[in-house]
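Okay, structure first, notes after.
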Amino acid sequence: MFVSSILLLVWRGQLDINWLRDFTCLARTLNFTRAAEERNITQSAFSRRIKSLEIWMGVPLIKRSSYPVQLSEAGQQFLPVALELIANLTDIRQTLRAQEQGSTAFQRVAVLHTISVNYLSRRIAELEDSIPNLRVRIYSDNLRTCCQLLSEGTCDFLLYYRHKDVQPVFDEAQFARKDIGVELMLPVGEAAAARAGGWDLDRGGRARFPYLGYDPSSFLGSVVDQTIGNRTPPLSLRYMDALTEAIKRRMLSGSGIAWLPESVVASELAAGQVVQVGGPAWQAELTLSLFCSLERLDKTGLQVWEAL
């Protein structure tokens, strides 16, 4: 009854759903600056929206005196309600839109850009042959945003890589999980440039090898950092990007060594255009995992879950 009453107020415009999204983001990050960045608004605007929610609730939801900030007792009680509200509103919106269009609802998937390009687009095409009237909406973004989309109920599925030494950025235990497959992350270089430069991580070298790295805050950046560990390979960082495809393009131009998922460079490796520049000790194992809330899936969603 409480959730239903608040849903009605949202529909009437008396409560902004963005306040709820802001609050759940802050509850996860416990950092106003980071939460504002993820919500793509200024920190001052983000703080005002959190304050507006607290005024509407009539109680403080955040303990601002501590560092990092913490949820108040009221905030802890309200968090599961806020998550449920967001999920319910999203479900209602999708259902009404589907009814208006006279078609099946979209299956919404949050996915890392690399997986979307190199795996999911092909797999969805295959599923269309076995699941009638399949309609899919893809949200390609960074890992934190993808996890937030699932937690808020904006998406039905989350597809991303997992690594044994990198902590997840959301509570995986709240969702059903299916491990789809495993692939290696390989240190590679353009063949001619690798031979000319003597790029070999196992042997090292007198000169430092040009290195194309990920943004250190990204998931794959954390994976590479854990893979290198305490070793000091002769690498000189020349380029940094959050997008795997951008790093791949630089690698193919001969600009340096990069760690890339095997699926991203499979055809180039087979053609001899790209070579590995380090053995098994420099490789990382990635698990491709699918998450969802099974109880929120419709009939088509359950078919997708079983088929992926």
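The values are calculated or read from the model by the stated rules, or taken from the named source; none is laboratory data. Here the structure is a predicted model, which is why all the values come from computation and not from measurement. Backbone-built Cβ (ideal geometry, glycine too); neighbour counts: all protein chains shown. Ligands, DNA and RNA are stripped out before the accessible areas are found, and what is left, the full protein with its side chains, is counted by its heavy atoms. Shrake-Rupley method; radii C 1.70, N 1.55, O 1.52, S 1.80 Å.
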For the chain, which DSSP H helices look membrane-span-like by this rule: Cα extent along the axis of 15 Å or more and mean Kyte-Doolittle of at least 0.0? 17-29
Candidate lysines for bridging to residue 178, where Cα separation is under 25 Å - those fewer than 8 sequence places away on the same chain excluded: 164, 299
Shape verdict for region 107-221, please, from the Cα gyration tensor: rounded (a/c under 1.5), prolate (a/b greater than b/c) or oblate. prolate
Candidate aspartates and glutamates - alpha carbon under 14 Å from residue 63, same-chain residues fewer than 8 apart omitted: 54, 73
Sequence-separation-based contact order of the chain, relative, with Cα cut under 8 Å and 6+ spacing, percent: 19
With Kirkwood radius over Cα pairs in Å in mind, check (i) 21.7; (ii) 20.5; (iii) 19.6 and report the label derived from this structure. (i)
Taking 0.36 nm per residue of separation between residue 165 and residue 283 and subtracting their Cα-Cα distance, the length gained on full extension comes to 41.2 nm
As an exercise, use a Förster radius of 45 Å and the Cβ-Cβ distance of residue 299 and residue 245 to find the FRET efficiency, rounded to the nearest 0.05. 0.85
Determine ³J(HN,Hα), in whole Hz, for all residues of region 285-294 in sequence, where each value follows from phi through the Karplus function 6.51 cos²θ - 1.76 cosθ + 1.60 and θ = phi - 60°; x replaces Gly and Pro. 9, 10, 9, 7, 10, 10, 10, 6, 9, 4
Could you please state how large a percent of the accessible area of the chain is carbon and sulfur, counting protein chains only and using a 1.4 Å probe? 50
Magnitude of the Cβ-charge dipole (Lys and Arg +1, Asp and Glu -1) of the chain about the Cα centre, nearest 20 debye, reported as 760
Per the rule of 0.36 nm per residue minus the C-alpha distance, extending residue 30 to residue 253 adds in nm 76.2 nm
Pull up the DSSP beta bridges for the chain and report the antiparallel fraction as a percent, rounded to 5. 60
Let me know the charge dipole size of region 165-308 about its Cα centre in debye, to the nearest 20, where only the beta-carbon of Lys, Arg (+1) and Asp, Glu (-1) is charged. 620
Net charge around residue 218, counting only other residues with Cβ within less than 12 Å of its Cβ (Lys, Arg = +1; Asp, Glu = -1)? -3
For residue 139, which sequence-distant residues (separation of 5 or more, or a different chain) have an amide H within less than 5 Å of its own amide H, given hydrogens modelled in the peptide plane? 109, 110, 111
For residue 71, other-chain or 5+-apart residues with amide H closer than 5 Å (H placed, Pro excluded) are 63
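Quick check for you: with a 1.4 Å probe and neighbouring chains kept, what is the accessible area per residue of the chain, in Å²?
With all protein chains present, the chain gives 50 Å² per residue.
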Kindly rank 173-185, 112-124 from highest to lowest mean number of other beta carbons found within 10 Å of each residue. 112-124, 173-185
